1. With a ≥ b ≥ c the root eigenvalues of the C-alpha gyration tensor of region 94-171, is it rounded (a/c under 1.5), prolate (a/b larger than b/c) or oblate?
2. Arranged from highest to lowest average of other beta-carbon atoms within 10 Å per residue, in what order do the peptides 97-107, 148-158, 60-70, 77-87 appear?
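What follows draws every value from the coordinates through simple rules; no lab data is involved. Values in this document were obtained by computation on a predicted structure and should not be read as measured data. So basically every Cβ, Gly included, is an ideal-geometry build from the backbone, and we count neighbours across all protein chains shown.
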Amino acid sequence: MKRDYIDFSDQSSPVGYLLTFRCYGTWLHGDKRGSVDRNHRRFGTPMLPRSEIRKTHDRRLLKQLPVRLSARRRRVVESSIRATCSIKKWTLWKLNVRSNHVHTVVSAGTTPARVLTALKANATRWMREAGCWDSELSPWSRGGSKKYLWNEKQLNDAIAYVELSQGEPLD
């Protein structure tokens, strides 16, 4: 029996990543939007439900006030991410820095965790150097979302999401 030719696409290497990281203290467990913790982070696992008790508990555990990105901070964060991608020779497809989170679509020859770590670390350093972050603590919550983009459609969908689905542009 003769097999028909099947167009094989190498799925072992993603074409990019959709990375999202939040400002510290801006989305606590128990929030009405839902959240994930170490027991609720696998695909298909339900998110944590709304809980004022949990949200209040987590708010009391904060080591600093929730962080918001002013227009100045957003400009510094954007510049740092663009510079980091340029220096590392990563392709930055789309970037949207909001008041309480950052979305990036990046192609890189390394893991999404390394990209996320570099972006957050350099954004923090640049904010300190610009004089708009003086705390010894990080302005970012721990971790972040790292979605693998396996094909051109997923890459284009992620770019559209970051560009068009984040609300009105901020200054």
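1. Numbers: a/c = 2.58, a/b = 1.45, b/c = 1.77.
Verdict is oblate for region 94-171.
2. On the way: 97-107: 20.5, 148-158: 15.6, 60-70: 12.9, 77-87: 17.8.
Highest-to-lowest ranking by the protection proxy: 97-107, 77-87, 148-158, 60-70.
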